[in-house]
Amino acid sequence: MAKILVTGGAGYIGSHIVNLLGDTNHEVIVYDNLSTGRKESVVAGELVVGDLEDLEKLENLIVEKKFDACFHFAGSIIVPESVTDPLKYYNNNTNNTLNLLNLCIKHGVNKFIFSSTAAVYGMAEGGICSEDTVTVPINPYGKTKLMTEWMLEDIAAAHKDFEFVILRYFNVAGANVDGKVGQCSPLSTHLIKIACETALGKREKMSVFGEDYETKDGTCIRDYIHVDDLAQAHIDSLNYLLKGGESTLCNCGYGHGYTVKEVIEVVKNVSGVDFVAEIGPRRAGDAPVLTSKAEKIGKVLGWKSKYDDLELIVRTAYEWEKQLN
Ligand SMILES: NC(=O)c1ccc[n+]([C@@H]2O[C@H](COP(=O)([O-])OP(=O)(O)OC[C@H]3O[C@@H](n4cnc5c(N)ncnc54)[C@H](O)[C@@H]3O)[C@@H](O)[C@H]2O)c1
């Protein structure tokens, strides 16, 4: 049994990992300020409500619990907001993570699993990214995530007992297949959530940002990964580190993508609603194609996908959204 700290475990992705951790014998403590998360989403373990900025509270918890490992989900995640309010992102994503890492090193929390993002690749040439693709983030959000990756690499080089797994998520979507947890954030910019909200009449209409890209139907292509598959990648990462695995970095995606129009079509089919999706101009900073090369995670962590099925992703997202107030 290990003692696990989960920052941001009341949020969308963290709550799915906590749900899976509930099936293990590990002791799980979620540390979350509930800024975008909800206490009802913590379906296993114990919730400690606190902010990463409250270093005294965080340090007391780390000293008391003597954690073996930390999953770090807490952060600010809205790309356009990071452009208009970069300081929020450098503070919450970079500064607060630096403080957390300081405490981890000080108190011997030596296994660290970090939520990174495909946004670190920026406008990657050709749009298909392996872990070796050059990282040139084009917005403050992506830069803050890359800064944490660099911190982790340097810390692990200097502290021989410290090991990390960095997971670069592509487009996370869907909800738990058993309906226990799902995405709750009211300000989400995620396509599948917005399309489901529109199908359910929670929004009047939605926008498609550009249909003049060089793709099969002119709309952007993204690699959508089901959140339960992503959650399993975290459990695999934890097991890998607990067995003595070396620090590593893996993409989390299925290695293929769908256009925006294809996704909207599936949401219309699943919901049975022909909602309005207006074609608008391109949005600054959108790469035409962003999909993963996804072999490494299977080879290194032993991860296997179970839910690589757009219809299932949409159906779980839609069913979750339907019961959400
Ligand atoms: N959702 C995606 O598609 C996606 C893609 C790539 C990477 N990520 C990364 O995954 C992580 C989780 O994302 P999510 O979609 O679950 O977002 P989310 O907003 O649902 O979850 C973030 C959680 O962190 C908490 N939090 C934020 N700041 C905090 C602070 N200072 N102190 C304590 N708690 C704090 C929030 O209350 C929330 O519960 C983030 O680090 C994000 O950058 C997400």
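The values are calculated or read from the model by the stated rules, or taken from the named source; none is laboratory data. Bear in mind that the values here come from a model prediction, so they are computed numbers and not experimental data. Please note: Cβ atoms are built from the backbone with ideal geometry, for glycine as well, and neighbour counts cover all protein chains shown.
Here are some notes:
- Looking at region 185-284, the strands (runs of 3 or more DSSP E) lying wholly inside it that each contain 2 or more residues that are surrounded by fewer than 23 Cβ atoms within 10 Å (Cβ to Cβ) sit at 206-209, 248-252, 277-280.
- Restricted to region 91-149, and to residues there that are of a type in the set (S, T, N, Q) and outside any helix (DSSP H, G or I), the residue that is nearest to Ala69 (Cα to Cα) is Asn110.
- Among the residues of region 30-46, those identified as near the ligand (Cβ under 10 Å from one of its atoms) and not in a helix (DSSP H, G or I) are Val30, Tyr31, Asp32, Asn33, Leu34, Ser35, Thr36, Gly37, Arg38, Val42.
- Among the candidates Glu27, Glu53, residue that is surrounded by fewer than 17 Cβ atoms within 10 Å (Cβ to Cβ), within 10 Å of the ligand (Cβ to nearest atom) and touching a residue at least 12 places away in the same chain (Cβ under 8 Å): Glu53
- Restricting Ala74, Ala69 to residues that are within 13 Å of the ligand (Cβ to nearest atom), buried (at least 19 other Cβ atoms within 10 Å of the Cβ), of a type outside the set (Asp, Glu) and at pLDDT 95 or above narrows the list to Ala74.
- Residue selected from region 159-184 under the condition under 23 Å from Cys129 (Cβ atoms) and assigned to a loop (DSSP other than H, G, I, E, B), by the criterion farthest from the chain's Cα centre (by Cα): Gly174
- The residue of region 1-17 that is nearest to the chain's Cα centre (by Cα), among those that are closer than 10 Å to His234 by Cβ and either of a type in the set (Val, Ile, Thr) or more than 9 Å from the ligand (Cβ to nearest atom) (or both), is Ile13.
- Meets criteria (over 23 Å from Ala175 (Cβ atoms) and either surrounded by 17 or more Cβ atoms within 10 Å (Cβ to Cβ) or of a type outside the set (Phe, Trp, Tyr) (or both)) for Ala10: no
- A single member of Glu311, Glu321, Glu295 is in contact (Cβ under 8 Å) with a residue 12 or more places away in the chain and in contact with a Cys (Cβ under 6 Å, 6 or more places away or on another chain), and it is Glu321.
- All conditions but one from (1) within 18 Å of Ala74 (Cβ to Cβ); (2) in contact with a Pro (Cβ under 6 Å, 6 or more places away or on another chain) apply to Arg168; the one that does not is (2).
- Answer from Gly127, Gly179, Gly218 - the residue that is touching an Asp or Glu at 6+ places or on another chain (Cβ under 7 Å), within 26 Å of Lys306 (Cβ to Cβ) and either in contact (Cβ under 8 Å) with a residue 24 or more places away in the chain or not assigned by TED's automatic domain parsing to the domain that holds Ile17 (or both): Gly179
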